[in-house]
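> Would you mind keeping the following structure in view while I ask a few things?
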């Protein structure tokens with residue numbers, strides 16, 4: 001039997017749908033509450049503000065990404081295999097949870113002040129993981145000598161750009177792009193990083 005989502009998860013899911021439809025700045029707490037089937041005051045039992053709710057969405061995704069990185073590391077996969085698995089998981093998430101994908105792509109850099117600082121912390125955490133993966137590849141002889149602090153944001157930007165551009169197309173074309181992106185990007189990235197003589 002499937003578990004019934006708690007109110008916090010209901011509110012989070014409702015916020016994703018409303019933010020995806022209207023954008024964060026145009027969305028109102030009343031609309032999120034109606035979507036979730038709860039009173040407006042209930043939202044504030046779990047989240048301090050609308051901004052806090054958006055940050056919780058990003059924090060959840062960051063935590064899941066970190067769990068994936070750790071899981072792949074424990075499995076002992078090569079750098080190229082981990083790159084492929086990370087890209088497959090990322091684009092599958094955007095494809096299968098369309099509203100979430102729109103929120104993550106559209107709202108990621110649309111900030112200033114304190115909330116921007118907190119989102120940048122998450123962004124920095126992702127970059128540090130990518131830097132570590134690249135450095136590991138260099139140390140093990142899989143990846144050509146390079147500066148991970150330059151290469152990591154470049155790779156991150158490629159993935160973000162494809163994610164954003166895909167959503168500019170009609171949904172059927174968008175799905176096709178998201179389906180083929182992992183293999184295309186794995187090949188592109190690996191050809192740029194491969195030291196030579198490795199699969």
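> Classify the range 1-47 from the C-alpha gyration tensor, please: rounded if a/c falls under 1.5, else prolate or oblate depending on whether a/b exceeds b/c.
oblate
> Angle, helix 50-74 long axis vs. longest principal axis of the chain, Cα atoms, 0 to 90°, nearest 10?
Tilt of helix 50-74: around 30 degrees.
> Okay, moving on. Any idea what angle helix 79-96 forms with the longest principal axis of the chain, computed on alpha-carbon atoms, 0 to 90 degrees, nearest 10?
30 degrees
> Multiplying the sequence separation of residue 98 and residue 8 by 0.36 nm and subtracting their Cα-Cα distance, what value in nm do you get?
30.4 nm
> Same structure, new question: Given points 7 Å out from each Cα along the Cα-Cβ axis, report the residue 89 to residue 194 separation in nanometres with one decimal.
That separation, rounded to one decimal, is 2.4 nm.
> Please report the equivalent ellipsoid semi-axes of the range 1-97, computed as sqrt(5 x eigenvalue) of the Cα gyration tensor, largest first, in whole Å.
Semi-axis lengths for the range 1-97 are 32, 14, 12 Å.
> Taking the Cα-to-Cβ direction at residue 172 and at residue 45 and moving 7 Å from each Cα, how far apart do the two end points lie in nm?
Here the answer is 4.5 nm between the modelled labels.
> Counting each DSSP H run of 4 or more residues in the chain as -39500 (n - 2.57), what helix-only mean residue ellipticity at 222 nm follows after dividing by all residues, to the nearest 500 deg cm²/dmol?
Mean residue ellipticity at 222 nm (helix-derived): -26000 deg cm²/dmol.
> Measuring from label point to label point, each 7 Å out along Cα→Cβ, what is the residue 116 to residue 150 span in nm?
2.7 nm
None of the figures in this text is laboratory data; all of them are computed from the coordinates on show. All figures in this text were calculated on a predicted structure; none of them were measured in a lab. Note: ideal-geometry Cβ built from the backbone for every residue, glycine included; neighbour counts use all protein chains shown.
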